[in-house]
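Taken together, the values in this text are just the output of simple stated rules run on the coordinates, not laboratory data. Everything numeric in this text was worked out from a predicted model, so none of it was measured. Don't worry about glycine lacking a Cβ; one is built from the backbone with ideal geometry, like all the others, and counts go over all protein chains shown.
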Amino acid sequence: MTHLLKRPRTVSTQLAIASAFALLILNPTALPLDVYSHPTDTISYLSVLFNQPQTDAPIFRLFRLEGSSGQEVAAKAKSVDKQSSPGFSLVGARLENDGMGALARIRTTLTIANQDSTRRITEVEWRLDVFDVSVGNSATTVVQSEKINIYSGETANVSARFGAVLPDRMVILLQVTRVAFAEGLSWLPSKECSLEPDLKTVTCESR
């Protein structure tokens, strides 16, 4: 789902499985293990649940898009860009443009890991702020989302596409804006991020 506002699914689990079996051999009671088998829209694997507090997770990515593909670039964080224990992690993100001429067709793919010990993720929402490199101002803001089942301990991709007349050279700020769980509760960021005029510095401030 994509809202236009004016102004990959494969994760290796060999290391996790090997570590789990090693711990079981050394101490069978030290590690709670659960085996999950779920629909094909998620990645099923041996899940090791430690029930420990989750570390802070970044909520944004910065991309430069020229031509058909976007390249992630390092951002200068002007303030703390992390949220406290959200129960998930933004493992990676990718932008691709398969449009022709002035009409861009941008496909966004996010890789989300569910680190919550019990809850299932049912929907992920994110926002794209598109900036014109030539003039430095924001050309378009897009809100996208996808409904999906990501069970505890699993990792999966969410993606969406939108088409619009966009600049030839763009810098795009991506940030996760909402993650819904099966119990009806949603995670919302306590900070909102914005891109400074230099198109390199990201400032995240409390809402």
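Points to keep in mind about this one:
- Pairs of lysine residues in the range 73-207 - Cα separation under 17 Å, sequence separation of 8 or more or cross-chain: 5
- Neighbourhood charge, 10 Å Cβ-Cβ cut-off, centred on Trp126 and excluding it, Lys, Arg +1 and Asp, Glu -1: +1
- Integer Hz, Karplus 6.51/-1.76/1.60 couplings in order for the range 145-160, x for Gly and Pro: 7, 8, 7, 7, 9, 10, 7, 3, x, 9, 10, 8, 9, 10, 8, 7
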